[in-house]
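Structure, as structure tokens:
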Amino acid sequence: MVLAYSRKMYVEFTLSQTMEQFLAAHVNGFHALGVPRKVMVDNLRCAVLQHRRGEAAQFNPRYLDFARHYGFEPVACAVAKGNEKGRVERGVGYVKGNFLSGLELPDFAALGQAAQVWLESVANVRVHRETHRRPTDLWADERAHLHAVNPRPFDVGRVLTLRATRQFRVNFEANRYSVPARFAGAQVTVKAYPDRVCIYHGEDLIARHARSFERHRDIEDPDHPKVLVAQRRHARDAQVLRRFFALTPLAVRYHAGLLERRGHALVHVRKIVALAEIYGDDAVVRALTDALAFEAFSSEYVAHLIEARSRQLPEASPLVLMRRQDVLELELPPADLSAYSDFARGHDDGGSDGHD
């Protein structure tokens, strides 16, 4: 965007040429330069729907609404008359040859800030070759003839009506944006802005995402699947309880004891059901019966009973009787009892205490 008198310039880079980008760039340019009485545009479809040679241009109704909101008159260049907007065409060449030539930036996000620095330090403070003045100096005189920007912002969002998929996603420009799971399959309204995508159901805003200009990306709000995850978890828990109660009529009483004695009864129920898958229903029913009798409410106790009963004891070894004749009929020498005789005699000689 170039002002006709001062030649002061505004530059912005976008990743698409859609209506929301076109209008938002206008707004940003107005904030930087002011709002002129007339804006001359090329015959791009965002501004001009049809322009036959020698006839008046048919402007895009949305662009006309935008022009009325900010108080300028749109003017379309004559067909194939690029010279009518020569100030802009030469400005584009100047940007390419001065700013972009040899420029190396890490990513696209840095381009806008670099362009702003270039405008303030180079483009708008150079001596213009036609006016022989600096654009910023002439703009000081021109700004008195420019309108202030309407304080009420114009909603530049592009509106589309789409239907969310069964995976609670909305497909937009080859990307998928999530909505809350309860809106899966619902018809929604998408408003696309240069920096964000807003999704409405009726009048309610149900999702807001940073806009992606890449392709085949899945953009999900972590809160959107939570309700569905909770529903699936509750369904799994109900299925586990049904399996537990089907083991034995005593399971209802045992579950009541778990609720009374344990903080997380369902955790114990899951483990007991898992034991039934490993050891079989009969083993678990027997362990539950015993655990209930002892009022031991714990999946660990049930597992201990099952494991103790399933543990195999070693088989008893056979009794070996010794029947060999040479072992059973032993000939032993007679015992030597002389030591006991000597001990007895010594006791009789000196063992008396002097009393009869």
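Yes or no, residue by residue, for (1) among the aromatic types (Phe, Trp, Tyr); (2) over 30 Å from Ala230 (Cβ atoms); (3) in contact (Cβ under 8 Å) with a residue 12 or more places away in the chain:
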| residue | (1), (2), (3) |
| --- | --- |
| Arg129 | no, yes, no |
| Leu138 | no, yes, yes |
| Arg143 | no, yes, yes |
| Val159 | no, yes, yes |
| Ala164 | no, no, yes |
| Gln167 | no, no, yes |
| Asn171 | no, no, no |
| Val197 | no, no, yes |
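What's the number of the condition Ile206 fails, among (1) more than 29 Å from Ala25 (Cα to Cα); (2) in contact (Cβ under 8 Å) with a residue 24 or more places away in the chain; (3) within 17 Å of the chain's Cα centre (by Cα)? The number of the failed condition is (1).
Considering each of Val88, Val48, Val92 in turn, give the residue that is under 16 Å from Phe22 (Cβ atoms) and in contact (Cβ under 8 Å) with a residue 60 or more places away in the chain. That would be Val88, the only listed residue that is under 16 Å from Phe22 (Cβ atoms) and in contact (Cβ under 8 Å) with a residue 60 or more places away in the chain. Filtering the range 296-314 to residues that are modelled with pLDDT of 90 or more and among the charged types (D, E, K, R) leaves only Glu300.
Report every pair of residues separated by at least 6 positions or lying on different chains whose Cβ atoms are under 6 Å apart, first residue within the range 262-274 and at negative phi and assigned by TED's automatic domain parsing to the domain that holds Arg236, second among the aromatic types (Phe, Trp, Tyr) and surrounded by 14 or more Cβ atoms within 10 Å (Cβ to Cβ). Between residues of the range 262-274 that are at negative phi and assigned by TED's automatic domain parsing to the domain that holds Arg236 and residues that are among the aromatic types (Phe, Trp, Tyr) and surrounded by 14 or more Cβ atoms within 10 Å (Cβ to Cβ), the close pairs are Val269/Phe244; Val273/Phe244.
Among helices (runs of 4 or more DSSP H) entirely within the range 67-170, having at least 3 residues that are under 42 Å from the mean Cα position of the chain (by Cα) and on the phi < 0 side of the Ramachandran plot singles out 109-121.
The values are calculated or read from the model by the stated rules, or taken from the named source; none is laboratory data. All values derive from a computational prediction rather than experimental measurement. Cβ atoms come from the backbone with ideal geometry, glycine included; neighbour counts cover every protein chain shown.
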